Amino acid sequence: MLKIEAILQPSKLDAVKDALLEAGIEGMTILEARGHGRQKGHTEFYRGREYTVDLLPKVKIEVVVIDNLKERVIQAIIGAARTGRIGDGKIFVSKIDEAIRIRNDERGEAAL
């Protein structure tokens with residue numbers, strides 16, 4: 001099993017969620033996040049004063065899938081989230097050793 005985490009622009013959330021559902025992924029966790037990568041934020045003016053916004057709003061999507069769905073999920077996320085500009089986000093893939101459904105103690109892939 002693999003955990004795929006994607007950090008995206010908030011404006012791309014609906015498109016990515018729809019793409020994942022179309023790819024057959026039903027279970028996902030969506031979190032609001034703040035951060036920055038290479039873009040390092042930006043400077044704005046408010047009431048004549050300049051200030052720096054260095055933690056930008058982001059969305060984090062977490063999906064745990066069986067190994068053979070990895071590329072389908074990654075391609076769905078990339079296809080829906082890519083604009084070609086800086087700040088499109090990142091995808092992280094990590095190995096999951098165990099999954100347990102609390103309700104009935106199902107384990108492994110059956111728990112997904």
Lysine pairs in the chain with Cα atoms under 21 Å, if 8 or more residues apart or on separate chains: 25
Ellipticity estimate at 222 nm from DSSP helix runs (n ≥ 4, -39,500 (n - 2.57)) divided over the chain, nearest 500: -6000 deg cm²/dmol
Mean Cα-pair separation over length for the chain, i.e. relative contact order, pairs under 8 Å, 6 or more apart, %: 42 percent
Linear extension gain, Ile100 paired with Thr83, 0.36 nm per residue minus alpha-carbon span: 2.5 nm
DSSP-loop trypsin sites (Lys or Arg not before Pro) across the stretch 1-109, with at most 13 other Cβ within 10 angstrom: Arg38, Lys40, Arg47, Arg82, Arg85, Arg101, Arg103
Exposed GluC sites (Glu not before Pro) absent - longest run of the chain, DSSP non-H/G/I/E/B, at most 15 other C-beta within 10 Å: 27-97
Cβ-based charge dipole, the chain, positive-most Cα from Asn68, Ala110, Ser94: Ser94
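Any read-out appearing in this document is the output of simple, stated calculations on the displayed coordinates, not a laboratory observation. Treat the numbers as computed from the prediction; the structure is a model and nothing was measured. Because the Cβ atoms are built from the backbone with ideal geometry, glycine has one as well, and the counts that use them run over all protein chains shown.
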